[in-house]
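Beneath this line is the structure, given in structure tokens, with notes to follow.
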Amino acid sequence: MTTATRTRRAADLRHMVGNTPLLAIRFRYRGQPRTVYAKAEHMNITGSIKDRMALHILRSAYREGRIGPGDTVVEATSGNTGISFAAIGRALGHPVVIFMPDWMSVERVALIRSFGARIVPVSKEEGGFLGSIAKTEEFARQQHHVFLPRQFSNTANVDAHAQTTGPEILGQLQANGLSPDAFVAGVGTGGTVMGVGEFLRIHCPNVRLHPVEPAESPTLSTGCKVGHHRIQGVSDEFIPPILDLACLDDVIAVHDGDAILMAQMLACELGLAVGISSGANFLAALMVQDMMGGEAVVTTVFADDNKKYLSTDLLREEPVRDGYLTPDVELDGYEAFRRVCDTCFATDDEE
Ligand code: PMP
């Protein structure tokens with residue numbers, strides 16, 4: 001593929017990634033009317049927020065000459081990143097190899113394979129998530145023409161959200177006469193919370209930024225991998241290098257069963273087919289709003305769609321336990337805020 005073709009394809013992909021609607025979710029909590037705002041990231045080309053990061057990292061690498069035509073893209077991921085690089089990498093002519101813990105949902109594996117990418121499963125004995133990352137580095141040492149996106153340490157991951165997700169949220173809120181009081185997001189790499197946070201803090205210095213983690217596996221609060229949880233895509237086993245907890249507010253913990261119940265409610269009652277971390281993000285937004293006052297404008301992301309979880313507990317009956325918030329939530333509906341105009345985020349190489 002020529003450089004001109006690749007540049008044109010990358011520019012075209014911009015229309016398939018990002019610029020998602022912002023949803024104002026109307027609900028009642030303990031009978032009181034409430035609204036929280038969520039970016040519909042499940043509407044990206046492969047159904048997750050990671051498409052933003054994958055496209056931005058590849059485009060930055062082209063611009064900086066760090067990736068050659070046809071180089072193999074090799075990444076460690078718990079799923080969505082693999083799907084994003086598989087699709088976007090293939091669209092731009094790159095073979096893709098994904099190292100992935102072998103306990104991720106079968107749908108994730110099947111989806112990555114469906115784009116023609118190769119998956120290398122990594123068992124717990126081989127090091128699980130951290131082992132997957134080490135294996136990508138080993139692969140790059142042994143082979144030529146390999147590009148490692150390194151999503152956990154590459155600041156282009158943060159930039160993707162500082163340059164797109166953050167400005168979109170602010171633009172969509174302001175167009176509706178609102179200003180954000182807080183942003184919350186479950187942490188996988190930390191790219192979303194750090195990037196959106198970086199942008200919002202410049203424009204709204206008092207905005208609160210809360211990372212979210214599963215109560216059953218509080219990696220961020222403890223600094224290491226403890227327990228097990230069912231919110232795939234977050235709390236991967238370690239604190240990622242691009243996450244700077246010192247510049248964020250308190251970590252919010254959400255029970256994985258509560259997140260599952262919330263995601264089920266969003267699908268069954270509002271027709272929003274979102275994944276488990278979206279349920280967690282919604283509940284974390286509600287918790288922060290409760291601390292700040294019911295009128296606070298709290299924003300978050302629905303990070304992916306539910307298609308990767310059809311074989312998981314998301315489609316099973318989930319027991320309600322003490323301390324869950326979902327039983328006190330009654331969903332009323334949502335309003336979709338108009339997308340920001342396409343030309344707002346255009347950069348020089350595509351105009
Ligand atoms: N939710 C899901 C479903 C994800 O796949 C991810 C990314 N691993 C996240 C949330 C967290 O996003 P980030 O990596 O930007 O912290």
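Bear in mind that the values in this text are calculations on the coordinates, not laboratory data. Remember, it's a predicted structure, so these values are computed and weren't measured experimentally. So basically every Cβ, Gly included, is an ideal-geometry build from the backbone, and we count neighbours across all protein chains shown.
Side notes on the structure shown:
- Placed amide H near VAL301: partners under 5 Å, 5+ positions off or other chain: LYS39
- Counting only DSSP beta bridges whose two residues both lie in the chain, roughly 40 percent are antiparallel.
- FRET efficiency for GLU269 and ASN206, using Cβ-Cβ distance with R0 set to 22 Å, rounded to 0.05: 0.10
- Between TYR334 and ARG26, the built amide H atoms are under 5 Å apart, and every one of these is 5 or more places off in sequence or on another chain.
- With helices as the sole contributors, the chain gives -11000 deg cm²/dmol at 222 nm; each DSSP H run of n ≥ 4 counts as -39500 (n - 2.57), and the sum is divided by every residue.
- For region 214-301: rounded, prolate or oblate by the Cα gyration tensor [a/c cutoff 1.5]: oblate
- Residue with peak Gaussian network fluctuation, the chain [Cα springs, cutoff 10 Å], from GLU137, GLU213, GLU125: GLU125
- For PHE129, PHE282, the sequence from fewest to most other C-beta atoms within 10 Å is PHE129, PHE282.
- Computed from Cα atoms, the angle from the helix 256-270 axis to the main principal axis of the chain rounds to 80 degrees.
- Ratio of the Cα radius of gyration of the chain to 2.2 N^0.38 Å, where N counts its residues: 0.94
- For region 50-147: rounded, prolate or oblate by the Cα gyration tensor [a/c cutoff 1.5]: oblate
- In the chain, the longest principal axis of the Cα atoms and the axis of helix 3-13 are about 10 degrees apart.
- Mean Cα-pair separation over length for the chain, i.e. relative contact order, pairs under 8 Å, 6 or more apart, %: 22
- Count of lysine pairs in the chain with Cα separation under 20 Å (8 or more residues apart, or interchain): 8
- Histogrammed with a bin width of 10 Å, the alpha carbon distances of region 1-100 distribute as 15, 40, 24, 11, 7, 2 percent, first bin at zero.
- The angle between the Cα long axis of helix 191-203 and the longest principal axis of the Cα atoms of the chain comes to about 70 degrees, rounded to the nearest 10.
- Distant-in-sequence amide H partners of VAL187 (H built 1.01 Å from N, under 5 Å): VAL212, SER235
- Ellipsoid fit via the Cα gyration tensor, region 98-250: semi-axes of 31, 19, 15 Å, each the root of five times an eigenvalue, largest first.
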